[in-house]
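Okay, structure first, notes after.
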Amino acid sequence: MSERKVLNKYFPPDFDPDLIPRRKQPRNSQQVVRLMAPFSMRCNTCGEYIYKGKKFNARKETVDGEDYYGIKIFRFYIKCTLCSAEITFKTDPKNTDYSAEHGASRNFEPWREEQAVEEEDRLAKLEEEENNPMKVLENRTQDSKREMDILDALQDIRARNARNERVGHSVDLLARIGMEEVEDAEKAEQKRLEDEDEKLVREVFLKVPVPASSSSIPIPESTTGEEATPPSSLPTVTVKRKANDIEPSLHSLLPESARELIQAKSVNSNTAKKKKLDGKSPFGIKFGKRGKVNVVTP
């Protein structure tokens, strides 16, 4: 299905635009255009007000014999919304505006009145200066004084802006310095707390008592290959080995006298246990004759 609003048309291969007959139109024909009212106006027939921006289906034509430095002037025909009276207006290239021509009058616009008053004052001033040389001198003095006042005000504004900029830079610099001081103080406080914690840990470990049984047991070498540092009250045993060798047992590192002492203690403890449990079970039960069981209370 083809599009409803399509711009491209099909042209057959044998199409020849020269064969199309030209349509003859009058030299100054009117065209129907859609436009909005360029200014607010009032109908001269019925007094109806037509506001600026009201849309119309208008007819446009070129004005014969009128132009502005080669720029064409166009005329538009519209109808009043109430009485359908014909209203015409033209373009005004000189003032880049539109001008009402027939059937309606343009409403009052304050800014146009102000421009007219300013133009009248300027013309009157020029006329007065032509006939009065003293007035020319006074006007020049007033103009120079006004220019000096404007320059002084501009200089004050520039000085104020420069002062504000310097103050802003100084504030930023002080803020940056203050932040650096705060960071340094925080780092110093953190370092002080770490030193106090380390000192407290050292004091606690120095106060730990050394067991008496450990005096006969030597301290083996650390796994890193360095010699262990035992307390001053313990005997020192130095063992040198390679990192890849099998670590010797603690019993093999003891001297001969220490091993004999440990073995004698173990034998004495075993004989004492046997004497204590002689004729008794480990749970305090004694077995009598003929399967009688006597419970022995401690």
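Considering segment 69-174, its Cα convex hull presents a mean projected area of 15.3 nm².
Counting neighbouring Cβ atoms within 10 Å and putting the fewest first, the residues Phe108, Phe39 line up as Phe108, Phe39. Pairs from the table (Lys52/Lys90; Lys5/Lys90; Lys94/Lys135) lying more than 25 angstrom apart at Cα are Lys5/Lys90; Lys94/Lys135.
Going by neighbour counts of Cβ atoms within 10 Å, the residues Asp184, Asp14 line up, fewest first, as Asp14, Asp184.
Only the coordinates and a few stated rules stand behind these numbers; no lab work does. Predicted, not measured: the structure shown is a model, and the values here were computed from it. Don't worry about glycine lacking a Cβ; one is built from the backbone with ideal geometry, like all the others, and counts go over all protein chains shown.
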